[in-house]
Each structure stands twice: as structure tokens, then as C-alpha cells.
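Working notes for the structure below.
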Amino acid sequence: MHTFNEYLERVNNAIKAIPYPEQPSHLYEPITYTMDLGGKRLRPVLVLMACEAVGGDINRALTPAIGLEMFHNFTLLHDDVMDKADIRRGKPTVHVKWDDNTAILSGDAMLTMATQLIAQAPADVMPQVMDLYNRTAMEIYEGQQYDVDFETRNDVTVDEYIEMIRLKTSVLLGCACKMGALIGGADEATAQLFYKVGENLGLAFQLQDDMLDVWGDEATFGKAIGGDIMNNKKTFLLINAMQRATGDHKVELSLWLSTPNASRAVKVPAVTAIYDALDLRSLSLDAINRYNDEALEALSKIAISDEARSEFANFITRLVKRDK
């Protein structure tokens with residue numbers, strides 16, 4: 001098995017080598033800008049890791065892996081427009097640096113380019129890979145719609161939230177793991193176990209992201225802390241706060257949720273203090289550890305080398321314990 005940094009280097013070099021047409025520049029410059037912003041590159045690395053773990057040649061998986069990363073970035077481009085987000089990975093979002101129309105159209109182009117790259121999967125597994133990709137894409141759109149629907153609901157349950165983040169975030173990590181396993185030559189049962197690894201890792205990852213948006217360090221997190229609080233996003237934290245708050249905490253939380261144009265400098269610390277009082281950090285950590293354990297349990301059932309299993313386990317733990 002290669003190391004994480006070796007996989008990452010292969011991925012970054014392949015992304016830099018993507019050939020973009022020069023014109024129209026306002027279509028392609030935002031795409032190169034987005035792809036050059038970096039990021040964790042989790043999804044393409046997982047494709048390569050799973051491929052090699054089952055004995056496959058990562059060169060066969062590299063182009064589809066890059067396609068999956070471009071698809072992921074396409075979703076972020078459109079999400080940033082919908083969420084009116086100003087910062088992504090420490091830099092202005094595309095709709096801020098250019099405009100909304102540019103972000104939408106360049107995102108559309110990224111979706112098509114991503115599909116073209118994934119369709120270059122080896123011919124012997126291309127139908128399975130494309131079926132997996134298309135199914136995953138539709139699930140992500142469903143998850144995004146649920147996320148939008150939750151904005152106007154105050155009765156969202158924790159189970160509904162978990163299902164939303166499973167669709168919006170987790171299935172793409174599951175797809176990455178399964179895609180790599182399929183390209184590496186794994187049978188369906190083995191590939192599906194890899195999917196379970198990625199899916200549970202994705203749930204832990206998103207719950208950790210929710211925590212970092214509240215208690216993270218803005219310098220390392222790459223975007224403004226408290227964005228979810230300012231937007232009244234129905235996160236694991238807010239949903240639990242709405243269900244558990246009583247007395248003064250309930251009154252104060254309701255006030256903040258119904259106060260438009262509240263000052264970030266005041267609202268974020270105030271809501272965070274309510275979360276602290278309700279011990280929601282511990283509740284979140286318990287959920288994160290549960291999904292982390294489920295990812296490791298699925299990994300333990302896969303017949304791969306001790307080296308591959310250790311590399312995957314270390315990757316999962318490092319991702320779940322991250323601070324950005």
C-alpha cells in the first residue's frame with residue numbers, strides 16, 4: 001500500500017494536469033480556480049486506497065477518482081450559491097469572486113466534465129461504476145433538497161437529519177470506496193462492505209464538521225466559524241438544542257432563531273453558550289465515535305492485508321479526529 005501522502009500527490013498531480021479549453025475563459029477559469037483551492041481530496045484518495053487494498057492497479061482508478069473529486073467540487077459550487085457562502089477553503093467563493101450566474105454555469109460544466117472522467121473507468125467495470133455514480137449523484141441532490149426543506153421546518157428530528165447528511169455527504173464517500181474496490185477487481189459483496197466503510201465515515205465526518213463550525217479554529221477550518229448558527233441551519237447540534245432546551249435556555253434559543261439580521265459577534269457566542277450548557281459537544285462526540293466504530297467494524301469484515309487494513313483504519317481515525 002502507498003501512504004496517504006503518496007496517494008495525495010498522485011491525485012494533486014492528476015488534477016493539475018487536467019486540460020481545460022482556453023475559451024470562453026469565464027466558463028473555465030472558475031473551474032480551475034475551484035480545483036486549485038485544494039481541499040482534503042478525501043474522495044479520490046479513498047478510490048485509490050480501496051483499489052489498491054483489493055490488489056488492483058491504482059493507475060486504472062486515477063481518472064475516475066479525479067472525476068469524483070470534480071463532481072464533489074461541482075456540488076460545493078452550487079451549494080455556496082444556495083447558502084450565500086462567502087468563503088470556501090479560506091478563499092472567496094466563485095459566486096463572490098465572479099457572480100451567481102458564473103458559479104451556476106461553471107458548476108454545470110464541472111458536472112459534465114466529471115461524468116466524462118468517470119466514464120473512463122476500465123471497460124470491464126464501467127457499467128457498474130456509472131450505475132454507482134449516477135445513483136449516488138441523485139441521492140446527493142435528494143439530500144440537498146432535504147437540507148433546503150429543513151430551513152423552513154422547526155420539527156426536524158435527529159433521525160431525519162442523519163438521513164439528510166447520509167444522502168448529502170456520506171453516500172459520496174461510500175461511492176468512492178466502492179468505486180475503487182470495483183475497479184480493483186473486488187466482488188460485489190466486498191465492494192459493498194467498502195461502501196459501508198465510507199458511508200459511516202461520512203456520517204462521522206459531517207458530525208465532526210458540525211462541531212468544527214461551532215468550536216473550530218477559523219484559521220484552520222477555512223471558513224467563518226458560526227455560519228450554521230447564523231443561518232439557523234438544522235444541524236445535529238441545533239436540533240438537539242431545540243429538543244433539550246428548557247426554561248431560560250429555551251426562551252433565549254427561540255429568540256435567536258426568530259431574530260433576523262442578528263450580529264454575528266453576539267449571536268454566535270450566545271448560541272454556543274447554550275450548546276455548552278446542554279453539553280452538546282459530548283453528545284456529538286458520542287455519535288461521531290459510534291459511526292467511527294461502525295466504519296471500523298465494516299472494515300474488519302473485509303478480506304484484505306493487515307497493511308491495507310491498518311492504512312484504512314489510520315485514515316478513518318485521522319479524519320474523524322481532525323481540527324479542520
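The values are calculated or read from the model by the stated rules, or taken from the named source; none is laboratory data. For clarity, every value in this text was computed on a predicted model and none was experimentally measured. Counting neighbours? That spans all protein chains shown, and the Cβs are built from the backbone with ideal geometry, glycine included. The protein model used for the area step is the full one, side chains on, heavy atoms only, and it has no ligands, DNA or RNA in it. Shrake-Rupley method; radii C 1.70, N 1.55, O 1.52, S 1.80 Å.
If R0 is taken as 41 Å, the Cβ-Cβ distance between Glu160 and Ala14 corresponds to a FRET efficiency of 0.60.
Please get the size of the charge dipole for the chain, origin at its Cα centre, with Cβ charges of +1 on Lys and Arg and -1 on Asp and Glu, quoted in debye to the nearest 20. Intermediate values should be presented prior to the final figure.
On the way: 32 positive and 47 negative charges, 93 e Å.
Dipole about the Cα centre, nearest 20: 440 debye.
What the pair-distance distribution of the stretch 231-324 shows, using all Cα-Cα distances binned every 5 Å from zero, is 2, 11, 18, 16, 12, 10, 9, 8, 6, 4, 2, 0 percent.
Go ahead and collect, in residue order, the members of the stretch 78-108 whose backbone nitrogen is under 18 Å from a label point 7 Å along the Cα-Cβ direction of Thr152. Label zone hits: 82-84.
From the residues Thr75, Ala53, Pro269, which one has its Cα farthest along the dipole of the chain in the positive direction, the dipole being from +1 and -1 charges on Cβ of Lys/Arg and Asp/Glu about the Cα centre? Positive-most Cα among the choices belongs to Pro269. Projecting the Cα atoms of Ile118, Ile165, Tyr20 onto the charge dipole of the chain, computed from C-beta unit charges around the Cα centre, puts Tyr20 farthest toward the positive end.
Each of Gln128 and Tyr141 was given a label point 7 Å from its Cα along the Cα-to-Cβ line. The distance between the two points is 2.6 nm. Heavy-atom accessible area for Thr317, with the other protein chains in place and a 1.4 Å probe, reaches approximately 60 Å². Amide H contacts of Arg88: Thr93, each under 5 Å away and 5 or more positions distant or on a separate chain (H built 1.01 Å from N in the peptide plane; Pro and chain starts excluded).
Considering only Gly226, Gly216, Ala245, the residue lying farthest towards the positive end of the dipole of the stretch 205-252 is Ala245, judged by Cα position with unit charges set on Cβ. Among the protein heavy atoms, those of Phe71 account for about 0 Å² of accessible surface (1.4 Å probe, every chain in place). Phi angles of the stretch 114-122 translate, via the Karplus equation with coefficients 6.51, -1.76, 1.60 and θ = phi - 60°, into HN-Hα couplings of 4, 5, 4, 5, 5, 5, 8, 4, x Hz per residue; Gly and Pro are given as x. The portion of the accessible surface of the chain made up by carbon and sulfur, rounded to a whole percent, is 51 (1.4 Å probe; DNA, RNA and ligands excluded). Rounded to whole numbers, the Karplus 3J(HN,Hα) couplings from phi for the stretch 127-143 are x, 5, 5, 5, 5, 4, 4, 5, 5, 5, 4, 5, 5, 5, 5, 4, x Hz, using 6.51 cos²θ - 1.76 cosθ + 1.60 with θ = phi - 60°, and x at Gly and Pro.
Note on the stretch 179-324: with charges restricted to the Cβ of Lys and Arg (+1) and Asp and Glu (-1), its dipole about the Cα centre is near 440 debye.
Averaging over every viewing direction, what projected area does the convex hull of the Cα atoms of the stretch 167-324 cover, in nm²? Don't jump to the answer; show the numbers that get you there.
Working: hull surface 41.0 nm².
Average of the hull's projected areas for the stretch 167-324 equals 10.3 nm².
Among the lysines in the stretch 67-198, how many pairs, 8 or more places apart or on different chains, have alpha carbons under 26 Å apart? Each step should come with its number before you reach the end.
On the way: Lys84/Lys97; Lys84/Lys168; Lys91/Lys168; Lys97/Lys168; Lys168/Lys178; Lys168/Lys196; Lys178/Lys196.
Step by step, the pairs that qualify in the stretch 67-198 add up to 7.
Magnitude of the charge dipole for the stretch 1-140, about its Cα centre and with charges confined to Cβ atoms of Lys, Arg (+1) and Asp, Glu (-1), is about 280 debye.
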